[in-house]
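We did not get these values from a lab; they are worked out from the coordinates using the rules stated. A quick note: this is a predicted structure, and the numbers were derived from the prediction, not measured. Glycine gets a Cβ as well: all are built from the backbone with ideal geometry, and neighbour counts include every protein chain shown.
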Amino acid sequence: MLKQKRAYAVAVVGATGAVGEEMVATLEQRAFPLERLRLFASEGSEGKTLNFDGRDLPVETLKTDSFAGIDIALFSAGSERSARWAPVAVKAGCIVIDNSSQWRMDPEVPLVVPEVNAQALKRHKGIIANPNCSTIPMVVVLKPIHDAAKVRRVVVTTFQSVSGSGKKAMEELGQQTADLLNFRQVRRSVYPHQIAFNCLPHIDAFLDNGYTKEEMKMANETKKILGDDTVRVTATAVRVPVFRCHGESLNIETEKKLTANEVRALLAQAPGVIVYDAPEKNIYPLAIDVADKDETYVGRIRLDETIEKGINLWIVSDNLRKGAALNAVQIAERLIEIS
Ligand code: NAP
Ligand code: 12T
């Protein structure tokens, strides 16, 4: 358990990455009670500094004793680093909030979205997992609907931005776009196909069942977070040439019938949700508007007229904020509240 203190020693592992930089910015913006902040990345970042609250902090490489005296470590440096270093950090007395997929489905590890299942935090044994960036906004929206009408099945299609796969992918989209507009040859390295002016129905590796890992993460993580194995989720995850924010089209079948207005009212009161839904005025959530926002935006709320108890809606959320850094920092804030 976290010791009660006035301020905490925090480490960010993967601090120079797309998610890590957002973590550092989020700690600053939310005035997290910091006694000190240490930043870690790969050997390639040795000698770099990152700005925090007007000061330049050095970026360090991980060593066996790096976590001595650290209370909370936010990990965002890939699954292999989490597998290797999270147990080292826990042994040193640190609580790890991990952004990779390494620990999410481990029964010993709580998988937490504070608005949905903060109570799961009490059972942690040192590691707490942050869900996938597409799962988080989906469960924030499903939770109030599930509580009111029990969600039976969800058909979800995602429209995921390139920042979900890190800094290199953001550079790739920018470079390919510039090259194409200047009649130059396109080069690719992160994705198996050109991403500029294209959509790829392929996120993370393919599995034997024909789904991708990303799609199965959405199905499995949702059951764990909602604490209900009966909720069926079938997903298609698509990469789109957008820099920031993931969109998701959700078709939700419930046990109890809800009207579109009832869904709107439930979501209007839900923590972390903003209903942004006035199609007659061309108002619906857009990636360019939701970037840098904390909440999950919901629009296009309407009934699925092909079934008796179905809802269609469209959500957009900033994948680097609520999808990653913000959710991790909110978990740390809850840990402090319950300490
Ligand atoms: P990124 O932009 O490529 O950044 C990767 C970070 O990891 C960099 O800071 C990098 O340092 C660091 N790193 C690499 N090897 C390291 C090592 N050996 N030791 C220490 N640090 C090392 O990627 P990203 O998008 O930020 O993603 C990072 C992680 O977050 C991944 O695990 C990813 O799965 C996860 N993620 C989770 C979500 C979510 O759904 N919640 C969303 C996006 C990403 P250098 O700069 O020195 O190379
Ligand atoms: N492959 O945290 O490529 O499990 O967008 C997040 C994002 C894995 C994860 C991506 C990925 C994760 C991606």
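Look at the Cα gyration tensor of the stretch 132-233: its axes a ≥ b ≥ c give a/c of at least 1.5 with a/b over b/c, and that counts as prolate. Of all beta bridges that DSSP places with both ends in the stretch 191-311, some 65 percent have antiparallel geometry. Seen from GLY126, the other residues with C-beta closer than 10 Å to its C-beta sum to a net charge of +1, counting Lys and Arg as +1 and Asp and Glu as -1. For the stretch 133-204, applying the loop criterion from DSSP together with a ceiling of 10 other beta carbons within 10 Å to the trypsin sites (Lys or Arg not before Pro) yields ARG187.
Within the stretch 165-207, the chymotrypsin sites (Phe, Trp or Tyr not before Pro) that combine a DSSP coil assignment with at most 12 other C-beta atoms in a 10 angstrom radius are PHE183, PHE197. Using a/c under 1.5 as the rounded threshold, could you call the chain rounded, prolate or oblate? The axes a ≥ b ≥ c are square roots of the C-alpha gyration tensor eigenvalues, and prolate needs a/b larger than b/c, oblate otherwise. Oblate, because a/c is 1.5 or more while a/b does not exceed b/c. From the square roots a ≥ b ≥ c of the eigenvalues of the alpha-carbon gyration tensor of the stretch 52-196, which class results: rounded (a/c under 1.5), prolate (a/b over b/c), or oblate? Note, shape of the stretch 52-196 comes out oblate. A cut-off under 14 angstrom between Cβ atoms defines the neighbours of MET218, and their net charge, with Lys, Arg +1 and Asp, Glu -1, is +2. Of all segments of the chain bounded by GluC sites (Glu not before Pro) found in a DSSP loop with no more than 13 other C-beta atoms within 10 Å, the longest spans 109-254. Helical runs assigned H by DSSP (4 residues or longer) give the chain a calculated mean residue ellipticity at 222 nm of -9000 deg cm²/dmol, each run adding -39500 (n - 2.57) before division by the residue total.
DSSP beta bridges confined to the chain are antiparallel in about 45 percent of cases. In this structure, the pairs whose alpha-carbon distance is over 27 Å, taken from LYS168/LYS217; LYS122/LYS217; LYS122/LYS309, are LYS122/LYS309. What you get for the chain, charging only the Cβ of Lys and Arg (+1) and of Asp and Glu (-1), is a dipole of about 400 debye around the Cα centre.
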